[in-house]
Amino acid sequence: MRALLVNPKSPYSFWTLDKTIRSLGKKSAVIPLGLATVAALLPKEWELKIVDREYREISDALWGWSDMILLTGMIVHREDMLTVIAEANRRGKCVVVGGSYASLLPDELVEAGVSFVIIGEGESAIPVWLEALSNGASGGIIREAGKPDLTRSPVPRFDLLDLDAYAMAAVQTSRGCPFDCEFCDIATLYGSKQRHKTPDQVMEELIQLYALGWRGPLFFSDDNFIGSKKHARAILEKLIPWMKQHGQPFDFWTQTSVTLGHDLELIDLMTEANFSFVFLRIETPEENVLRQARKAHNLAKPLDEAVRAINANGLSIVGSFIIGLDGEKTGAGDNIRAFVEKTNLPLVMVNALQALPHTLLWERLKQEGRLLPNATSCLLTGSTMNFVPMRPQEEIMEEMLQLSLHLYEPSRYMERAYNFYLTMRPTRRATALREGRKPPREVQSSSDQRRRYPAKDLLLFLSLVWTHGIIAPYRGQFWRQLAGLYRRNPSRLVAYLNSIGIGNNMFHLRSVIQDRVRSGPTGAGTR
Ligand code: SF4
């Protein structure tokens, strides 16, 4: 069997980061970890190829080579997935679709004419599908509701990927989240009892990536890396000595709940293992709204203090906010803006709320008769609110637009980035040098490739200087801040410059959001 595994194209969003990706000489942001995992679950004798439509079309030669197309993705990928399915049908290929889109809306895929829809996680559902295939089945819905034991999950087939094309590698140590925020589909899809790979399994995956030559950014794509702090600590205990022995080859990013800010010891372990970025779902600073959304764990301690603790102790943050939650009043956008400015978060993602199928929110809105008749097809654009909010949608969209325009105004963004890195403690290396201790080996956070091509670093720096220090109207601010950081917290200068580089994407995102919101009541959001 010759199986072509296809990763779909994402619509333009916060995560597109195209300017950063291009400046690094890469083609896409993150490796398609799901497909690499699926590949490891397929029979050894099958011939496999992965094509990632984020940066590459499926050529005629690949179509001709394949007997079967395996496609995976989320609802947000629907449009591109349907395009691939239509083309595969035209060419008479067997099409198999899995992933969260298939699990949440299988009937749409049946209607689109796919051969097999696989519901559930690959580790438990793929063996069932393979058995059906060997019994002569030519199509159907494969439903595997059980949650697989991740300790039996194989090492993903990283070897099938062109790693050089990506800015970031990825591994996953757990699935599920112990919290049940009303709007979130993680518990629906993966359960509220978090399941884990063993620390040895995780190390094996990292060692394979290392052996394949990967160095640099690596995303722990867990839904909540600290869903079990015990598990997170067990991984960090293995990771820290390995990272030190190997000269800090990876620079880790992950997602956690805000409760990370309540545990300084855990933050310390994470930075010792060379974690540099966490994605935090803050949602809103409004207490009553958080409680209504079943997200009271954000309030166990003051939210701003938790965020500041993470910042001060050495982790950069991407803060995620939602506007349009029930219980909000006019001015919710201003409250988010005030919180972001108080905590100096440079990188923030703001989305208008959408109800995802089968979440607690979805079920409640259905009961209340507030889901739009086309609530699932609205999601096709990835941009519109698909239910009747408690205040006018136009007001919500306008607040979201004004918030994005305000926060991503370059001069304001740079001011927050400056204050954020000014208050971050110095790097471990700088601290060790200051205290006369032997510093940890040089961090290779931007990969060996950069060390082999220092000219690339210089070019990146010169491009930043040209954009922000020479032609920008705020160039004076750029130089003042550069000098200020150099004087007051020099070891964070590189992190600050990186955040300015990432900011280039956000400055552009403003016009995308503006176009979407201005295009009408069904056009907003950046998911
Ligand atoms: S903490 Fe995050 S991952 Fe967990 S349920 Fe809430 S939003 Fe989802």
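The values are calculated or read from the model by the stated rules, or taken from the named source; none is laboratory data. As the structure is a prediction and not an experimental result, all values here were calculated from the model. So basically every Cβ, Gly included, is an ideal-geometry build from the backbone, and we count neighbours across all protein chains shown. Just so you know, the surface numbers come from the protein's heavy atoms only, side chains and all, with ligands and any DNA or RNA stripped out. Shrake-Rupley method; radii C 1.70, N 1.55, O 1.52, S 1.80 Å.
Quick notes
- Solvent-accessible area per residue for the chain (1.4 angstrom probe, square angstrom): 41
- With semi-axes defined as the square roots of five times the eigenvalues of the C-alpha gyration tensor, the equivalent ellipsoid of the chain measures 36, 29, 23 Å, largest first.
- Heavy-atom accessible surface of segment 184-298: percent carbon and sulfur, 1.4 Å: 50
- Taking GluC sites (Glu not before Pro) in DSSP loop conformation with at most 12 other Cβ atoms inside 10 Å as exposed sites, the chain has its longest uninterrupted site-free stretch at 58-367.
- Charged side chains reduced to their Cβ positions (Lys and Arg at +1, Asp and Glu at -1) give the chain a dipole of some 1820 debye around its Cα centre.
- Annotation note: chymotrypsin sites (Phe, Trp or Tyr not before Pro) in segment 29-68 located in DSSP loop regions with a Cβ neighbour count of at most 14 within 10 Å are Trp46.
- Phi-derived couplings, Karplus 6.51 cos²θ - 1.76 cosθ + 1.60 at θ = phi - 60°, listed residue by residue for segment 77-94: 8, 3, 4, 6, 5, 5, 5, 5, 4, 4, 5, 5, 5, 4, 8, x, 8, 6 Hz, with x used for Gly and Pro.
- Extension gain, Arg434 to Tyr55: 0.36 nm times the residue separation minus the Cα-Cα distance gives 132.0 nm.
- Three-way shape label, segment 198-280, alpha-carbon gyration tensor, a/c 1.5: prolate
- In a fully extended conformation the segment linking Glu341 and Val128 would gain 71.6 nm over its present Cα-Cα distance, using 0.36 nm per residue.
- Per atom type, segment 300-343 shows carbon and sulfur on 48% of its accessible surface, probed at 1.4 Å.
- Listed values for segment 30-44 are Karplus-derived 3J(HN,Hα) couplings in whole Hz (6.51 cos²θ - 1.76 cosθ + 1.60, θ = phi - 60°), namely 10, 4, x, 5, x, 5, 5, 6, 4, 4, 6, 8, 8, x, 4, and x replaces Gly and Pro.
- Under the combined filter of DSSP loop state and at most 16 neighbouring Cβ atoms within 10 Å, segment 69-173 retains these trypsin sites (Lys or Arg not before Pro): Arg91.
- Legend: distances between Cα atoms for Lys44/Lys238; Lys193/Lys295; Lys147/Lys301; Lys193/Lys230; pairs beyond 25 Å are Lys44/Lys238; Lys147/Lys301.
- Equivalent-ellipsoid semi-axes for segment 257-352 (Cα gyration tensor, √(5λ), whole Å, largest first): 24, 14, 10.
- Applying the criteria of a DSSP loop state and at most 14 other Cβ atoms within 10 Å to the trypsin sites (Lys or Arg not before Pro) of segment 298-352 yields Lys329.
- Only helices enter the 222 nm calculation for the chain: every DSSP H run of n ≥ 4 contributes -39,500 (n - 2.57), and dividing by all residues gives -13000 deg cm²/dmol, rounded to 500.
- Positive-end ranking of Ala167, Ser124, Cys181 along the dipole of segment 112-254, with charges on Cβ about the Cα centre, is headed by Cys181.
- Taking the Cα centre of segment 293-400 as origin and assigning +1 to Lys and Arg Cβ atoms and -1 to Asp and Glu Cβ atoms, the resulting dipole is close to 360 debye.
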